[in-house]
1. Kindly indicate which of Leu295, Leu263, Leu253 is more than 30 Å from Leu10 (Cβ to Cβ), outside the structural domain of Tyr17 (by TED's automatic domain parsing) and touching a helix residue (DSSP H, G or I) at 6+ places or on another chain (Cβ under 9 Å).
2. Val254 - would you say it is within 13 Å of the ligand (Cβ to nearest atom), open to solvent by less than 10 Å² (accessible area, probe 1.4 Å) and over 21 Å from Ser123 (Cβ atoms)?
3. Given the conditions (1) assigned to a loop (DSSP other than H, G, I, E, B); (2) farther than 22 Å from Asp279 by Cβ; (3) among the polar types (S, T, N, Q); (4) in contact (Cβ under 8 Å) with a residue 24 or more places away in the chain, which single one is not true for Thr204?
4. Say whether the condition of being in contact with a strand residue (DSSP E or B) (Cβ under 6 Å, 6 or more places away or on another chain) and surrounded by fewer than 18 Cβ atoms within 10 Å (Cβ to Cβ) is met by at least one residue in segment 309-320.
5. Residues of segment 20-52 being farther than 21 Å from Thr99 by Cα and among the hydrophobic types (A, V, I, L, M, F, W, C), which ones?
6. Being within 27 Å of Lys292 (Cα to Cα), among the hydroxyl-bearing types (Ser, Thr, Tyr), out of contact with any Lys or Arg (no Cβ under 8 Å at 6 or more places or on another chain) and assigned to a helix (DSSP H, G or I) narrows it down to one of Thr159, Thr195, so name that one.
Amino acid sequence: MTKKALITGLTGQDGSYLAELLLAKGYQVFGLVRRSSTSNLERITHLSGNVEIVSGDLLDQSSLMDVIAESQPDEIYNLASQSYVPLSWTQPALTAEYTALGVSRLLESIRRCKPDAKFYQASSSEVFGQPDESPQTERTAFRPRNPYGVAKAYAHWMTVNYRQKYNLYTCCGITYTHESPRRGTEFVFRKITHTAAQIKLGFTNELKLGNLDARRDWCYAKDAVYAMWLMLQQEQPDDYIIASGETHSVKELVECAFNCVGLNWQDYVSVDPAFYRPDEPVQLIGSINKIKTELGWQPQHSFEELVKSMVDYDLTKLSNGRA
Ligand code: GDP
C-alpha cells in the first residue's frame, strides 16, 4: 500500500529535499503550507503536481487536527520553524510560538487524530549552546544560548515526553548545520560559495565576512534528510545526532571555495565587525557514533565535494542570468 507522509516546512531547504526523497520512494506526500499573500513556493516549483499542498498553521491547533485527520499520514516530519537565530532575539515570543508550542500542538494533534503515525522532530545543535563537552553526543546536557535554541529544547523534550507518556513513535534528529544550493545567502556557507562564483564571473570584487576562525560541523542537506527518513523506518523510535562528525573553519571554507574558481581568497576577502556574533557558540561538533552504529548512516558527501558542488551550481546559475 502507498505510504503517506506529511511534511511541515515543505518550502524550506530540508522540506524540499525530503519531499523529493519520499516521492522517489513512492510515497504520497502532503505539504503543510501557511496561507500567505505572496508565494513562497520557489524551492518546490519542480514538485508542483506531485506534492499535495494542504493549508494549515503551527499556530492553529484545529488546522493541524483537520489536516492530520484528513490526510491520515503514516509519517509526519516537522521541519517548520522560525529558524534564523538573529531573528529569534528580535521576535522571541513568535519564535517560541512556532518552534516550541507549535510542536506541542502537533504532538497533541497526532495523539488525538492519528496515534499510530510516526513523528520526526527537527531538533537542532543550538540546544547545546555552550556545551560542556565536545564532540556532543545524545547525552550531552542542553545549555541553549538564544531564544531559538531554548524553543528547540522545549520541542525536543516534549517529543521525548510524548513517546514516554503515550507510547507514540516519536523521534528527534539533532541536526548540525546542513547546507545545499537551496540555502539562503544570509548563511555563511552559501554566502561564500555564491560570492566566490560572483567574483569569478566579474559581478563583484569583494567578500566581507565576520569571524574567520568560527568553526562549524557542516553536512549536506540531502544526506541529512536521508537520515530523517531512516529514523522513521526502525522498530523502535529513538533520538539521534545527524552531523558530519568533523568541523571546518570559515577560513577553510573560503580557501576551498576560492580554490574551486582558481582565485586567491586573500585578494578579495575582508573582515567586517558587522558580521561578528556576540554570542558565538563554542566548538559545536556532533558525534555520529550512535547513528552510525545503530542505523548504519553516515554522510555520503565530503566537505570539499559539498563546497565544489555549491560553487558549480552558482557558476552555472549566474552564467545563465538566474541568480
Ligand atoms: P549558524 O550560525 O550555524 O546558523 O549559521 P551561519 O552560516 O549564519 O554562521 C556560521 C558561522 O559563520 C558563525 O559562527 C558566524 O560567526 C560565522 N561567520 C563569519 N562570517 C560570517 C558572515 O559574513 N555571515 C554569517 N552568517 N556568518 C558568518
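The values are calculated or read from the model by the stated rules, or taken from the named source; none is laboratory data. Every value quoted in this text rests on a predicted model; they were computed, and no experiment measured them. So basically every Cβ, Gly included, is an ideal-geometry build from the backbone, and we count neighbours across all protein chains shown. Protein only, heavy atoms only, side chains kept; ligands, DNA and RNA dropped before computing areas. Shrake-Rupley method; radii C 1.70, N 1.55, O 1.52, S 1.80 Å.
1. On inspection, the qualifying residue turns out to be Leu263.
2. Criteria met by Val254.
3. Every listed condition holds for Thr204 apart from (4).
4. no
5. Correct list: Leu21, Leu22, Leu23, Ala24, Val29, Ile44, Leu47, Val51.
6. Testing whether each residue is within 27 Å of Lys292 (Cα to Cα), among the hydroxyl-bearing types (Ser, Thr, Tyr), out of contact with any Lys or Arg (no Cβ under 8 Å at 6 or more places or on another chain) and assigned to a helix (DSSP H, G or I) leaves just Thr159.
A quick yes/no check of all residues on (1) more than 21 Å from Ser123 (Cα to Cα); (2) out of contact with any Leu (no Cβ under 7 Å at 6 or more places or on another chain); (3) not aromatic (Phe, Trp, Tyr):
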residue: Met1; (1), (2), (3): yes, yes, yes
residue: Tyr27; (1), (2), (3): yes, yes, no
residue: Ser36; (1), (2), (3): yes, yes, yes
residue: Leu41; (1), (2), (3): yes, yes, yes
residue: His46; (1), (2), (3): yes, yes, yes
residue: Gln82; (1), (2), (3): no, no, yes
residue: Ser88; (1), (2), (3): no, yes, yes
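So that you can scan it fast, the table gives a plain yes or no per residue for (1) in contact (Cβ under 8 Å) with a residue 60 or more places away in the chain; (2) open to solvent by less than 20 Å² (accessible area, probe 1.4 Å):
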position	(1), (2)
Asn50	no, no
Asp57	no, no
Leu64	no, yes
Val67	yes, yes
Gln72	yes, no
Leu79	yes, no
